[in-house]
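A.B. asks: Take a look at the following structure, please.
The values are calculated or read from the model by the stated rules, or taken from the named source; none is laboratory data. A quick note: this is a predicted structure, and the numbers were derived from the prediction, not measured. Methodologically, a virtual Cβ is constructed for each residue, glycine included, from the backbone with ideal geometry; neighbour enumeration extends over all protein chains shown. What goes into the accessible areas is simple: the full protein's heavy atoms, side chains included, and nothing from ligands, DNA or RNA. Shrake-Rupley method; radii C 1.70, N 1.55, O 1.52, S 1.80 Å.
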Amino acid sequence: MNSREELAPAVASILEAARQRQGPGERVAVTPRDFPAAVARAEADGRVPVVAEVKPTSPTTDGTDDRDPVELAEEMVAGGAAALSVLTEPEHFGGSCETLRRVREAVDVPVLRKDFLLEEQHLDAVEADVVLLIARFLDDLEGMLTAARERGFQALVEVHDRTELRQALDAGADVVGVNNRDLANLVVNLETFEAVAPDVPDDVTLVAESGIAMPADVARMRRAGADALLVGTAIMRGSGTVTENTRRLTTPMTDR
């Protein structure tokens, strides 16, 4: 693990729980739906490429959302989401692999498995189209990236600064997410993405993560170079229906 010294207690607790988890022992093989192609299709259709997240709860969210995740996922796709993200971390986010299975069966867009995957065996818990690999928490990022691809997964490699971006690129990442949330204090700052994005090569699919709450935030991240945006809370807990909240963020501001 690249950085243990400065982590919020909630993040440290999540990592400790992840270390205790065991894989199922049987290796998965996936035929994935193409995430970069889904981003390109959204662009061609005149939509902002949004990865809408099914997130029952989190350490930074009050309460738990008990709505049917499959219905939520279908509403997100109806609202124009290019892809979905489904939490599978159980202790802190209320997620499950079974939820991801159900969602993936119900939709035709790529589905990202959002979890804290620290070992190769963790990859084998469930089939998904994309898996999240967090650069800061992996001693052998290149090895995990290779292991994911050997199973058929695409990988979204998450970084928080230029140093981690260089590690991701050196490991061969072709889809990179920049998380605007500081893991030391859980504070969100959109300037994080703006600082890292200029160093991302043009042939890498770039995703802005965290803190995107309104169309102005979408426009700001797109101006900074985001090919896609991962949005959870604003869609799940916004003032409108899930479909309306998704459509509000997938509609370019120039079309309003």
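Yes or no, residue by residue, for (1) of a type outside the set (A, V, I, L, M, F, W, C); (2) closer than 21 Å to residue 50 by Cβ; (3) touching a residue at least 60 places away in the same chain (Cβ under 8 Å):
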{"site": "117", "(1), (2), (3)": "no, no, yes"}
{"site": "123", "(1), (2), (3)": "no, no, yes"}
{"site": "135", "(1), (2), (3)": "no, no, yes"}
{"site": "140", "(1), (2), (3)": "yes, no, no"}
{"site": "178", "(1), (2), (3)": "no, yes, no"}
{"site": "192", "(1), (2), (3)": "yes, yes, no"}
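A.B. asks: Open to solvent by less than 20 Å² (accessible area, probe 1.4 Å), free of Cβ contacts under 8 Å to residues at least 60 places away in the same chain and of a type in the set (A, V, I, L, M, F, W, C), is that true of residue 128?
C.D. replies: Here the answer is no, as residue 128 does not meet what is asked.
A.B. asks: Here's another thing I want to ask about it. Please specify each residue of the stretch 144-188 satisfying the condition of being within 23 Å of residue 61 (Cα to Cα) and in a strand (DSSP E or B). Break it down stepwise before answering.
C.D. replies: So in the stretch 144-188, the residues within 23 Å of residue 61 (Cα to Cα) come out as 158-160, 177-188.
Result: 158, 159, 177, 178, 179, 181, 188.
A.B. asks: Would you mind stating whether residue 151 is modelled with pLDDT of 95 or more, over 18 Å from the mean Cα position of the chain (by Cα) and either basic (Lys, Arg) or closer than 23 Å to residue 109 by Cβ (or both)? It would help to see each step written out before you state the result.
C.D. replies: Working: modelled with pLDDT of 95 or more: yes; over 18 Å from the mean Cα position of the chain (by Cα): yes; either basic (Lys, Arg) or closer than 23 Å to residue 109 by Cβ (or both): yes.
In short, yes.
A.B. asks: Go through the stretch 189-256 and tell me which helices (runs of 4 or more DSSP H), entirely inside it, have 3 or more residues that are at negative phi and touching a helix residue (DSSP H, G or I) at 6+ places or on another chain (Cβ under 6 Å). Before the answer, list the steps.
C.D. replies: Values: elements: 191-196, 215-223, 233-236, 242-250.
Hits in the stretch 189-256: 215-223, 242-250.
A.B. asks: OK, next. Somewhere in the stretch 136-145, is a residue over 17 Å from residue 159 (Cα atoms), open to solvent by 10 Å² or more (accessible area, probe 1.4 Å) and touching a Ser or Thr at 6+ places or on another chain (Cβ under 8 Å)? Outline the logic, then answer.
C.D. replies: So the first thing to find is which residues in the stretch 136-145 are over 17 Å from residue 159 (Cα atoms), and the list is none.
No, the stretch 136-145 contains no residue that is over 17 Å from residue 159 (Cα atoms), open to solvent by 10 Å² or more (accessible area, probe 1.4 Å) and touching a Ser or Thr at 6+ places or on another chain (Cβ under 8 Å).
A.B. asks: Residue 140 is checked against (1) at pLDDT 95 or above; (2) within 15 Å of the chain's Cα centre (by Cα); (3) not hydroxyl-bearing (Ser, Thr, Tyr) and fails just one. What number does that condition carry?
C.D. replies: With (1) at pLDDT 95 or above; (2) within 15 Å of the chain's Cα centre (by Cα); (3) not hydroxyl-bearing (Ser, Thr, Tyr) applied to residue 140, the lone miss is (2).
A.B. asks: Here is a follow-up. Is there any pair with a first residue in the stretch 198-210 that is closer than 15 Å to residue 133 by Cβ and a second that is among the small types (Gly, Ala, Ser) whose Cβ atoms are under 8 Å apart and which are 6 or more apart or on different chains, and what are they?
C.D. replies: 204/173; 205/228; 207/177; 207/226; 207/228; 209/177
A.B. asks: Now a separate question. Based on this model, can you work out whether residue 211 counts as within 16 Å of the chain's Cα centre (by Cα) and either open to solvent by 50 Å² or more (accessible area, probe 1.4 Å) or not hydrophobic (A, V, I, L, M, F, W, C) (or both)?
C.D. replies: On the way: within 16 Å of the chain's Cα centre (by Cα): yes; either open to solvent by 50 Å² or more (accessible area, probe 1.4 Å) or not hydrophobic (A, V, I, L, M, F, W, C) (or both): yes.
Spelling it out, residue 211 is indeed within 16 Å of the chain's Cα centre (by Cα) and either open to solvent by 50 Å² or more (accessible area, probe 1.4 Å) or not hydrophobic (A, V, I, L, M, F, W, C) (or both).
A.B. asks: Tell me yes or no: at least one residue of the stretch 74-86 is surrounded by fewer than 21 Cβ atoms within 10 Å (Cβ to Cβ) and at pLDDT below 95.
C.D. replies: Taking every residue of the stretch 74-86 in turn, none turns out to be surrounded by fewer than 21 Cβ atoms within 10 Å (Cβ to Cβ) and at pLDDT below 95.
A.B. asks: Ok, one more. May I ask you to list pairs of residues, at least six apart or on different chains, whose Cβ atoms are under 7 Å apart, with the first in the stretch 149-166 being under 13 Å from residue 133 (Cβ atoms) and charged (D, E, K, R) and the second being open to solvent by 90 Å² or more (accessible area, probe 1.4 Å) and not in a strand (DSSP E or B)?
C.D. replies: 151/27
A.B. asks: Within the stretch 87-111, track down each residue that is of a type in the set (Val, Ile, Thr) and either touching a residue at least 60 places away in the same chain (Cβ under 8 Å) or surrounded by fewer than 21 Cβ atoms within 10 Å (Cβ to Cβ) (or both). So that I can check it myself, show each step before the final result.
C.D. replies: Quick first cut of the stretch 87-111, residues of a type in the set (Val, Ile, Thr) only: 88, 99, 103, 107, 109, 111.
Of everything in the stretch 87-111, those that are of a type in the set (Val, Ile, Thr) and either touching a residue at least 60 places away in the same chain (Cβ under 8 Å) or surrounded by fewer than 21 Cβ atoms within 10 Å (Cβ to Cβ) (or both) turn out to be 107, 109, 111.
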